[in-house]
Amino acid sequence: MRLRLVGSFTLDPLAQALGRLDPPRGIAVAPYGQFRQTLLEPGEPGGIDVLVTDLDAWIPGGAHGLVVLSSADRVASREALAREVAAFAAAADARGARLVVATLPAPVRPVLGYADWQEPEGEVAWVHAANAAVAGVLRSHPSARVWDLGTLRAAFGTGAAGDPRLLFLGDIRMSPDFAAAAAADLLRLVRTLEAPPCKVLALDLDGTLWGGLAGEEGLGVAVGPESPMGKAFLAFQRQVLSLKRRGVLLAVVSKNDEATALEILDLHPGMALRRPDLAAWRINWEDKAANLRAIAAELGLGLDSFAFWDDQPFEREWVRSACPEVRVAEVPPDPARHAAALATWDAFDASVLTGEDRARAGQAAADRSRRELKAGSASLADYLRSLATRVRVFRPQPPELPRLAQLFQRTNQF
């Protein structure tokens, strides 16, 4: 999908970095400083417009101009900014384009220094409130997104993110290294607009959820706060559960004795993840590719919805070759790095979470109950009658639009 960079300063370094990372993608840069005209004028349909600005695009004089305004004028200027962004989003909707708005960067040091916090509409507070206001207006536009460039800048190092010489030379506000980091982050966000995230995380057990071998150590496997190794596996489990709260279904695919493994899941005092957290499992001595296919059939999902995490390189390579649709993690050899690696893996990146996403794990448990009910019913008619399904027809309102947009992207069931 074509990208057009629109901003209040020179964005060519960002465009060049994007071109290096994704050469086939069309990258355009709008005329310098003309973001208002560019975003409001009719244009070709489709594509993604990325708006990147600094404080001085909205307040004449930037931070120095902000501090001389009254508190009321500061509030008014922030509200005006939000209205303009809302107009940009509406114009993008009208021409069938997507709009991505980068957050404003917080100052390295406010003009008023430590006294800035005393101001009711201080510089730091104003920037954060402005970013929150922009996020607020964009929520009513399903095709619009916020790009948290300010946090990325802070993580990169605000001092290293820019170069004063480039600023004075050509209003270039990104150093080459920061432009490369920003381009990688932007492409990661853009890909969430082009392809849905994985819906299922399929996990190994030994060496993944705990240290040691279940078949040899039973409830003595290492997990929990009692040892350094156990803490590492506990941190990984907590990161896994954070994905469940975002709507990712959890499954286990392990070569193990099922009774022993389930006993650990149920009874080990150090476990954060338990059997009810799992949507499905295959714990046996079959090959893991076949087990992934079986779980996909059970959940009614395509293999392209699956991500696979296993500490054994052999198993990862086998799944890559036998199930190329599955996203396979590059797992660090050191368990201490597993939680951080999972947190930064892009397989589950989603720019929007709906209520249905958050409820997906509960729905999977309900599906399991329905399958068990169906197996125990005398006939299909008895089973359907026992479900007591009710259908409600309604005209969608703004809160339903993100979910409606998701459903239009489904191909395997709708």
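Descriptive notes on the structure:
- Cα centroid separation, the range 321-336 to the range 279-314: 12 Å.
- Cα shape, the range 238-346, gyration tensor, a/c 1.5 rule: rounded
- FRET efficiency estimate (nearest 0.05) - Cβ-Cβ, T192 to D171, R0 35 angstrom: 0.70
- Rg/Rh for the chain stands at 1.03; both radii use Cα atoms, and Rh follows the Kirkwood definition.
- Taking K199, K288, K374, K255 and ordering them by how much accessible surface each has at a 1.4 Å probe, largest first, produces K374, K255, K199, K288.
- Within the chain, helix-based [θ] at 222 nm, where runs of 4 or more DSSP H residues each add -39,500 (n - 2.57), nearest 500: -14000 deg cm²/dmol
- Crossing angle, helix 228-245 versus the chain [Cα axis fit, 0-90 degrees, rounded to tens]: 70
- FRET efficiency for the H128 to R95 pair, using the beta carbon distance and R₀ = 35 Å, is estimated at 0.70.
- Against the main long axis of the alpha-carbon atoms of the chain, helix 71-94 sits at an angle near 60°.
- Percent of C-alpha pairs per 10 Å bin, the range 165-316, short to long: 10, 33, 27, 14, 9, 5, 1
- Cα shape, the range 228-294, gyration tensor, a/c 1.5 rule: oblate
- Gaussian network model of the chain, Cα within-10 Å springs - most flexible of G162, G150, G61: G61
- Separation of alpha-carbon centers, the range 47-83 and the range 135-173, rounded to whole Å: 14
- Amide H partners (placed H, <5 Å) of F308, local residues excluded: A202, R327, V328, A329
- For the range 3-68, the orientation-averaged shadow of the C-alpha convex hull comes to 5.1 nm² (one quarter of the hull surface).
- Angle in degrees between helix 360-375 and the longest Cα principal axis of the chain, rounded to the nearest 10: 30
- Over the chain, relative contact order from alpha-carbon pairs under 8 Å, at least 6 apart, %: 13
- Counting only lysines at least 8 places from K288 when in the same chain, those with an alpha carbon closer than 16 Å to its own are K255.
- Of the residues E216, E286, E400, ranked by 1.4 Å probe accessible area with the largest first, the sequence reads E216, E286, E400.
- Summary value for the range 1-74: 38 percent relative contact order, contacts being C-alpha pairs under 8 angstrom separated by 6+ residues.
- For L249, the amide hydrogen comes within under 5 Å of the amide hydrogens of V200, L201, counting only partners 5 or more places away or on other chains and with H modelled in the peptide plane.
- Whether the range 1-159 is rounded, prolate or oblate, judged on the alpha carbon gyration tensor where a/c under 1.5 counts as rounded: prolate
The values are calculated or read from the model by the stated rules, or taken from the named source; none is laboratory data. As the structure is a prediction and not an experimental result, all values here were calculated from the model. Every residue, glycine among them, receives a Cβ derived from its backbone with ideal geometry; neighbour counts consider all protein chains shown. Heads up: the accessible areas ignore ligands, DNA and RNA and are worked out on the full protein's heavy atoms, side chains in. Shrake-Rupley method; radii C 1.70, N 1.55, O 1.52, S 1.80 Å.
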